[in-house]
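In what follows, a structure is listed as structure tokens, so that the remarks can point back to it.
The values are calculated or read from the model by the stated rules, or taken from the named source; none is laboratory data. Just so it is clear, the structure is predicted and the values come from calculations on it, not from any experiment. Cβ atoms come from the backbone with ideal geometry, glycine included; neighbour counts cover every protein chain shown.
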Amino acid sequence: MQPYELGLTWGILQVPVIALFTKYDQFKHDIKMKLEDEHDHPEMHINAEVERVFKQHYLGSLSGHPPFICLESEDFCH
């Protein structure tokens, strides 16, 4: 018996996607350390740079605009 005889067909199923980024706190720490080594940046510029790099390198590679979650440790020492 063939799949089409059972009423089964092959098609494209769309499933919801949620991007999950782990170790986001370490990512932020690494960017901050790099910027501090290069220049003396105020904290608000560092946070803007962290967001810019994240959007460009991580969110930019995702197709569409899926919801995303960034996980951080509660007791990460800066």
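What are the residues in the range 37-48 that are under 21 Å from Ser73 (Cβ atoms) and at pLDDT 80 or above, if any?
Asn47
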Qualifying residue in the range 68-78 (condition: loosely packed, with under 10 Cβ neighbours inside 10 Å, at pLDDT below 85 and of a type in the set (Asp, Glu)): yes
